[in-house]
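The values are calculated or read from the model by the stated rules, or taken from the named source; none is laboratory data. Every value quoted in this text rests on a predicted model; they were computed, and no experiment measured them. Neighbour counts run over all protein chains shown; Cβ positions are idealised from the backbone, glycine included. Ligands, DNA and RNA are excluded from the accessible area calculation, which covers all protein heavy atoms including side chains. Shrake-Rupley method; radii C 1.70, N 1.55, O 1.52, S 1.80 Å.
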Amino acid sequence: MPTYEQLQHLSPEQFRRACGVKLQTFNRLVEVLAEAKAKQKPGRPSVLSLENQLLLTLEYPREYRTYFHIAQSWGIHESTVCRMVQKTENTLIKETDCH
């Protein structure tokens, strides 16, 4: 899947086709993730931006790819993908606006 930097130049219709959610919804989900990140204790910074972490998370159920294949696409370790997906999903599940 292309990175957020590549997708943000698409039309809203093409953006939805690429990642499965409307651009407004995607932006709202990123806001939720940013709010949750601000409440966390500081630690090692993530390799991917919040937008790319969300894209990675959306890619997992949408394309039925394994963590290994997603890791190869994004250039990170398989366990990192697993942690990102679980952390992002859990954060979004806690937010009542996101479901």
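Picking from residues in the stretch 46-65 that are open to solvent by less than 70 Å² (accessible area, probe 1.4 Å) and not in a helix (DSSP H, G or I), the one that is nearest to residue 19 (Cα to Cα) is 65.
Given the options 47, 32, 81, 85, name the one that is β-branched (Val, Ile, Thr) and in contact (Cβ under 8 Å) with a residue 60 or more places away in the chain. Reasoning before the result, please.
Values: 47 fails: in contact (Cβ under 8 Å) with a residue 60 or more places away in the chain; 81 fails: in contact (Cβ under 8 Å) with a residue 60 or more places away in the chain; 85 fails: in contact (Cβ under 8 Å) with a residue 60 or more places away in the chain.
The unique qualifying residue is 32.
Just one of the numbered conditions (1) among the hydrophobic types (A, V, I, L, M, F, W, C); (2) open to solvent by less than 80 Å² (accessible area, probe 1.4 Å); (3) out of contact with any Gly (no Cβ under 6 Å at 6 or more places or on another chain); (4) not in a loop (DSSP other than H, G, I, E, B) is not true of residue 38: (2).
Give the stretch 79-99 a look and list any residue that's acidic (Asp, Glu) and open to solvent by 80 Å² or more (accessible area, probe 1.4 Å), or say none. Lay out the reasoning, then the answer.
To start, the set of residues in the stretch 79-99 that are acidic (Asp, Glu) comprises 89, 95, 97.
Scanning the stretch 79-99 gives a single hit, 97.
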